[in-house]
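Note sheet for the following structure.
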Amino acid sequence: MKKLLIIGRKDLTLAFRDRTALLLMLLAPFLLTLGLGFVTGRLSGGSSSGLGSIPVILVNQDGGQLGNALVTVFRSPDLASLVTPSDAADPAAARQQVDADKAAAAIIIPAGFTGSIIPAAGAAAGALPAGEVVRIELYTNPTRPTSVGVITSILDEFMGQVEVGRVGGQVAVTQLVGRGLIKPQDAAAVGAALGARQAGANGAAAAITLKSTVSGSAAASFDPLAYMAPAMALMFLMFTATNGGRTLLTERNQGTLPRLLISPTSSAQVLGGKTTGIYFTGVAQMAILILASALLFQLRWGAPFAVLILILAAVAGATGWGMLITALARTPGQVSTIGSAITLTFGILGGSFISTESMPVWYQALSKITPNAWALDGFTTLALGGGLTNILVPVAALLIMGAILFTVAVVIMNRRGLMQP
Amino acid sequence: MPSILEVHDLTKNYGDFAAVKSISFAIQEGEIFSLLGPNGAGKTTTISVLSTLYAPTGGDARIAGHSVTQDPMAVRQVIGVVPQELALYDDLSARENLAFWGQMYNLGGKALKARVAEVLEQIGLTEKADQRVKTYSGGMKRRVNIGVGLLHRPRLLFMDEPTVGIDPQSRRAILDSVKALNGQGMTVLYTTHYMEEAQELSDRVGIIDHGELIALGTQAELTRQVGESDTLVLHFSEGENPQAIADLITAMRGVEGVLKTDVTDHSASVIAVQAEEILAPAITLANERGIRIRSVDIQEPNLEAVFLHLTGRALRD
């Protein structure tokens with residue numbers, strides 16, 4: 001294990017002393033992000049977003065104040081460019097639409113949703129509704145994780161406001177009764193008034209709109225750079241991975257690999273060390289790009305720990321590809337050529353330039369062979385406010401991808417005697 | 001002295017090509033043993049097999065009691081290797097290179113740091129230790145290449161043509177360092193196609209050609225094989241007709257006292273009982289053919305003559 005780390009550290013040092021590699025690892029993705037930032041208006045004061053017109057179906061069976069408020073939120077001018085809502089009466093039909101990839105998600109607001117939170121005026125004593133809150137159903141399309149992330153974020157924001165209002169109202173009524181400021185028999189009426197106010201009655205609809213929230217609402221103001229910055233970083237991560245693999249063949253040619261193999265170091269340690277080197281370099285590259293964009297563009301990447309986990313997983317996936325390409329190539333030049341082609345192809349296929357969600361289903365399915373697509377889903381989810389639990393699928397997919405590709409690469413290398421001089 | 005290296009019927013084939021053909025020899029602890037032979041004779045392949053880089057096709061070798069086929073890891077702890085080609089990281093400094101390779105030989109901590117400083121001193125690069133290797137001259141790189149092989153104080157050091165392609169000053173420094181290392185008790189297996197290096201350094205010499213060990217012994221033992229004969233070396237001008245030179249050498253074979261002849265581009269070697277006695281006929285025959293002899297060397301019995309005697313070819317062929 002110690003030798004793996006020593007070889008890995010050596011390769012990391014060499015990678016960061018290679019000016020050409022540095023240009024492609026750090027400068028190129030940074031400049032492309034910057035350029036795309038201007039193109040999309042993010043850095044020039046415009047408001048164009050990388051995502052737009054996300055189709056969402058609203059099934060409002062509630063018809064109460066809160067249900068209507070939620071529909072109003074999705075139809076608000078603030079979200080007009082981001083989501084394209086449509087109405088449906090039947091939940092089953094809405095789910096079918098999602099299954100058929102006609103929409104990114106269906107939001108089904110069941111009957112009684114408002115009533116389960118706000119007591120009806122003149123209700124019996126006890127002030128607030130008894131029993132469980134009726135839950136809104138969010139039926140999502142797994143092939144559109146980024147869009148789903150946006151919808152989920154808007155919905156979470158709304159529900160957060162409702163929950164604040166509900167609990168706040170409950171506490172307020174309890175306090176008022178406890179201090180004798182209102183009579184117990186008036187609690188229901190007061191609670192209803194509070195709830196109605198919170199729900200948007202009396203012209204107070206703004207109280208639960210996203211625009212009015214203190215946080216500025218991540219969902220409503222989705223930052224296009226939150227998509228572009230990881231997209232570019234991931235595209236050039238593939239360059240780092242293939243370039244790292246290339247060094248294995250370069251070392252073979254320059255005689256350092258044979259020299260390693262006649263030291264008291266096993267070929268498995270050498271291969272593991274080289275892989276560790278690619279991994280270290282990829283993690284360093286991603287970390288630098290993320291920190292730089294966070295500092296220079298004030299880009300919010302999301303929960304730091306979850307971002308770290310996603311970086312580690314994304315680099316594992318990319319490293320697997322780097323090793324596989326190295327195993328299949330015969331010369332360092334071939335690795336460079338194939339690596340450049342793969343970097344660009346994966347960039348396009350994985351959504352680095354155009355979100356795959358606007359592409360056909362087969363394209364979206366194909367994009368999943370790239371670490372770019374999985375990692376981009378994860379980074380977008382995190383940027384939209386998601387946490388570690390929301391990115392478990394992409395993280396698992398990337399780790400599995402890395403493990404499988406590495407194993408296949410080792411088998412091919414052994415068959416070809418690549419770890420022989 | 002016990003043997004630190006014992007080679008038994010070692011064979012290495014690459015497909016149908018036999019690079020090393022059933023060679024056997026032993027090296028005593030503390031000696032400098034040279035494998036002398038022309039390019040492509042099998043020297044590097046022999047070292048590659050002995051250093052566990054390649055598995056032999058047949059036979060085996062034991063180094064400090066460890067089999068190269070059965071226990072390669074133990075062998076690697078005992079040996080140091082200075083490969084013919086530079087095997088360094090150009091973008092690391094000499095100090096960083098040595099530290100990295102030291103760690104590959106399980107050195108670490110203060111011991112590694114001290115040993116790196118010691119080796120830098122030994123190869124005369126202390127002052128430039130922190131410059132990247134890519135900024136070094138060819139000779140300096142060679143010295144770092146040798147330094148890497150010394151880091152873990154190997155009992156047996158393989159040096160594969162370490163002076164190829166370097167300036168005379170660096171070559172001198174390397175030969176002196178080989179002697180110094182041997183003086184400190186290190187056993188050295190040195191390969192070269194330079195007869196002078198083998199003569200200067202070696203306690204014993206093995207002559208290898210076409211993968212076969214064709215002679216083995218001390219220099220005195222080997223030169224005895226050619227008897228008391230001398231070698232007359234004729235050097236011609238570059239513009240001379242090769243066909244005329246070949247004709248001259250054919251004619252020389254008929255001169256009394258000539259034992260063997262060999263010709264290269266612009267020189268010819270003639271082994272004779274008494275070189276002085278064939279000098280006059282050689283000049284006469286050259287004049288008859290209009291060949292201008294630029295210079296003449298008369299060499300007493302040496303390894304070059306031994307090789308010529310054994311193979312009918314000059315060592316530099």
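Read the figures in this text as sums done on the coordinates, not as results from a lab. Being a predicted model, the structure only gives us computed values, none of them experimental. In this analysis, Cβ positions are derived from the backbone assuming ideal geometry, glycine residues included, and neighbour counts consider all displayed protein chains.
DSSP beta bridges in chain B, what fraction antiparallel, as a percent rounded to 5?
Expressed as a percentage, antiparallel bridges in chain B total about 70.
B:L259's amide H: which non-local residues (gap 5+, or another chain) put their own amide H closer than 5 Å, with H modeled 1.01 Å from N in plane and none for Pro or chain starts?
B:I271, B:A272, B:V273
Using a 10 Å cut-off on Cβ to Cβ distances, tally the other chain neighbours for every residue of B:92-101 and report the average as a whole number.
Values: counts 4, 0, 0, 0, 3, 2, 0, 2, 7, 4.
Rounded to a whole number, the mean comes out at 2.
Sort the following peptides by mean Cβ neighbour count (other Cβ atoms within 10 Å, averaged over residues), highest first: A:21-31, B:53-63. Display every interim value, and only then the final one.
Values: A:21-31: 17.5, B:53-63: 19.2.
Averaged packing, sorted descending, gives the order B:53-63, A:21-31.
From the phi angles alone, apply the Karplus equation (6.51, -1.76, 1.60; θ = phi - 60°) to the stretch B:274-290 and give each ³J(HN,Hα) in whole Hz, x where the residue is Gly or Pro.
Along the stretch B:274-290, the couplings run 10, 4, 4, 6, 9, 5, 4, x, 4, 5, 4, 5, 5, 4, 4, 9, x Hz.
Determine the percent antiparallel among the DSSP beta bridges restricted to the protein assembly as shown, to the nearest 5.
60
Mind checking A:261-270 for the average number of partner chain beta-carbons within 10 Å of each residue's beta-carbon?
6
How high is the relative contact order of chain B, given as a whole-number percent (alpha carbon pairs under 8 Å, six or more residues apart)?
After rounding, I find 19 percent.
What value does the protein assembly as shown have for Rg/Rh, both radii from Cα atoms and Rh as Kirkwood defines it?
Details: Rg = 39.6 Å, Rh = 32.0 Å.
Over the Cα atoms of the protein assembly as shown, Rg/Rh equals 1.24.
For A:K3, give me every one of the aspartates and glutamates with a C-alpha distance below 16 angstrom, ignoring sequence neighbours fewer than eight places off in its own chain.
In chain and number order, the partners are A:D11, B:E96.
In whole Hz and in residue order, list the ³J(HN,Hα) couplings for the stretch A:329-346 that follow from phi through the Karplus curve 6.51 cos²θ - 1.76 cosθ + 1.60, θ = phi - 60°; x for Gly and Pro.
7, 10, 9, x, x, 5, 4, 4, 5, 5, x, 5, 4, 5, 4, 5, 4, 5
Where does chain B land at 222 nm, in deg cm²/dmol rounded to the nearest 500, when only DSSP H runs of n ≥ 4 count, each adding -39500 (n - 2.57), divided by all residues?
-11000 deg cm²/dmol
Can you compute 3J(HN,Hα) from phi for each residue in the stretch B:122-139, using the Karplus curve 6.51 cos²θ - 1.76 cosθ + 1.60 with θ = phi - 60°, rounded to whole Hz and x for Gly and Pro?
4, 9, x, 10, 4, 6, 10, 4, 9, 8, 5, 4, 5, 8, 7, 6, x, x
Straight-line reach from B:K43: which lysines have Cα under 21 Å away, leaving out those fewer than 8 places along the same chain?
Of all the lysines, those that pass the test against B:K43 - Cα under 21 Å, at least 8 places apart if same chain - are B:K12, B:K21, B:K179.
When you have a sec, figure out the Kirkwood radius of chain B from all distinct Cα pair distances and drop it here in Å to one decimal?
Mean inverse Cα-Cα distance, inverted, gives 21.3 Å.
What average number of partner chain Cβ atoms lie no more than 10 Å from the Cβ of the residues making up B:24-36?
Shielding by partners across B:24-36 averages 0.
Under the rule of at least 5 residues apart or a separate chain, name every residue whose amide H is placed under 5 Å from the amide H of B:V82.
B:F158, B:M159, B:D160
Which loop chymotrypsin sites (Phe, Trp or Tyr not before Pro) in the stretch A:325-419, with loop taken from DSSP, have no more than 13 other Cβ atoms within 10 angstrom of their Cβ?
none
Could you name the lysines whose alpha carbon sits less than 22 Å from that of A:K368, not counting residues in the same chain fewer than 8 places away?
A:K102
Would you please give the residues with an amide H less than 5 Å from that of B:D209, counting only those at least 5 places away or on a separate chain, with H modeled from the backbone geometry?
B:I214
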